[in-house]
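The values are calculated or read from the model by the stated rules, or taken from the named source; none is laboratory data. Since this is a predicted model, take the numbers as computed values, not measurements. Every residue, glycine as well, gets a Cβ built from its backbone with ideal geometry; the counts of neighbours run over all protein chains shown. Just so you know, the surface numbers come from the protein's heavy atoms only, side chains and all, with ligands and any DNA or RNA stripped out. Shrake-Rupley method; radii C 1.70, N 1.55, O 1.52, S 1.80 Å.
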Amino acid sequence: MNEIRINGERLWSRLMEMATHGALPGGGCNRQALTDEDRAGRELFMQWCRDIGCEIRMDAVGNIFARRAGSDATMPPVITGSHLDTQPSGGKFDGVYGVLAGLEVLHTLHENDVTTLHPLEVVVWTNEEGCRFDTAMMGSAVWSGKMPLDQAYALTDREGRSVREELERIGHLGSADTEPVHAALELHIEQGPVLEAEGKTIGIVTGVQHMSRHRIVIHGQEAHAGPTPMEMRRDPVMALSRILPELYALAAQHGPDGRVTFGFLEALPGSSNTVPGRLELTVDIRHPLEDYYREMLSGYQRIVEGACSALQLDFEMQCFWEAPGVEFDTGCIAAVREATLQCKLSGREMVSGAGHDACNVSTVAPTSMIFIPCEGGLSHNEAENTLPQQAAAGANVLLGAMLQLAAQDGGRVISK
Ligand SMILES: [Zn+2]
């Protein structure tokens, strides 16, 4: 049974066929959630699943579950999947690869006549990207109980069309119940440069970083750039000149995985010969380990307070977004590690720097993820790319890990 391998050419040709829906001139895709293009992609996927005898269910938020029966219908399924929706100028692989590799696993078992103990399912989570309807990982959030269904239904796009209206319009408002899951895996492109730089084929993903975003506003006093002596200014950029090196040093002290990013900086009134009266900036802080993450947060607080009070400047700090980190299930991680060895592929353990549907799934089922390299670490970009042999390698690891998990008896608990 371990000798079975997926069909890499079939997987690749399906990736290319899916990319014709919402195709952009630069080679990427615009297939935003619940548009006509998304509907076409979702229906193509369902047709491929029906062709190999899968039973399809759709739930009230449009999540699609394609099931291949196991030998014991009373057992909960091993699920895999990701998303088919894209960014407005997205690539061919983000999300799509995880869905179609899952289908390829089921197709391979179908043509080799393999029956697993547990059923297997491929899931398409609705609106993962959160660009048309502003909540990322929406479908998996509703499924896992993190987000009330009505809250998802009420989200609207820029034209005022709601998730509920659009689900009805494309005919994908289902009624399937939420069922327990034995184990879950999500296969995804890395969306970062580490695997490629190290020449590794498989990322054995052990968790997802802790992350938060903060806004700082520092108040000074507008003054003429000429007559006002330096020591008599109330200049918020002077505080910034202390904050930046100290926060970069804080990230280095918590290296190599600590991250701080200043993505937005604005000094007002924005005149070259006026001392700014107001400075606003955002700080994105991340670390995979909770203790270090907490240390970075308190260090950040201390540094900003210290710099502003030394210069007697008023300031405000606010955390406007936080996503707790995730530690994936040790059993699922072990299955991926074992499958990587069986496939004789090079792998390394790593933590995801981005959020995925697997974060939501992991709150209700044993879960882990598998990464493959992507060219230059590029994603959310039309040029997003991976190699056919890398796509095939990841799908073979998914096959091996799903077979292990689906052969296991009895219930498993989340080991956190
Ligand atoms: Zn994705």
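Dividing the mean sequence gap of close Cα pairs (under 8 Å, 6+ apart) by how many residues region 211-323 holds gives a relative contact order of 45 percent.
The modelled label-to-label distance for the pair residue 215/residue 341, using points 7 Å beyond Cα in the direction of Cβ, is 5.0 nm. Please determine, in degrees from 0 to 90 and to the nearest 10, the orientation of helix 290-310 with respect to the longest principal axis defined by the Cα atoms of the chain, where the helix direction is its Cα long axis. Computed tilt is about 20 degrees. Among the protein heavy atoms of the chain, carbon and sulfur supply 49% of the accessible surface, probe 1.4 Å, non-protein parts ignored.
Indicate the gyration tensor shape class of region 1-68 (rounded, prolate or oblate), computed on the Cα atoms with a ≥ b ≥ c the square roots of the eigenvalues: a/c under 1.5 is rounded; otherwise a/b larger than b/c is prolate and the rest oblate. Kindly include the intermediate steps, with their values, before the conclusion.
On the way: a/c = 2.73, a/b = 1.19, b/c = 2.29.
Oblate is the answer for region 1-68, as a/c is 1.5 or above yet b/c matches or exceeds a/b.
Sorted largest first by accessible area at a 1.4 angstrom probe radius, with every protein chain in place, the residues 51, 59 fall in the order 51, 59.
Sorting 45, 262 on solvent-accessible area from highest to lowest, probe radius 1.4 Å, gives 262, 45. Taking the inverse of the mean 1/r over every pair of distinct Cα atoms in the chain gives a Kirkwood hydrodynamic radius of 22.9 Å. Looking at the chain, the accessible area is 42 square angstrom per residue; that uses a 1.4 Å probe and ignores ligands, DNA and RNA. The reciprocal of the average 1/r between distinct C-alpha atoms defines the Kirkwood hydrodynamic radius, which for region 77-125 equals 11.6 Å. By a 1.4 Å probe calculation restricted to protein chains, residue 292 has an accessible surface near 90 Å², given to the nearest 10. Between the helical axis of 330-342 and the longest alpha-carbon principal axis of the chain there is an angle of about 70 degrees.
Just need the relative contact order of region 327-416 here, percent rounded to a whole number, with Cα pairs under 8 Å and 6+ apart.
Here the relative contact order equals 47 percent.
Heavy-atom accessible area for residue 10, with the other protein chains in place and a 1.4 Å probe, reaches approximately 40 Å².
For a 4.7 Å threshold on C-beta separation, the list of partnerless cysteines in the chain reads 29, 131, 308, 319, 332, 343, 359, 374. Take the convex hull of the alpha carbons in region 115-216; its mean projected area over all directions comes to 11.1 nm². Here the gap between residue 56 and residue 169, fully extended at 0.36 nm per residue and compared with their Cα-Cα distance, gives a gain of 38.7 nm. With the whole protein complex present, residue 36 retains an accessible surface near 80 Å², based on a 1.4 Å probe.
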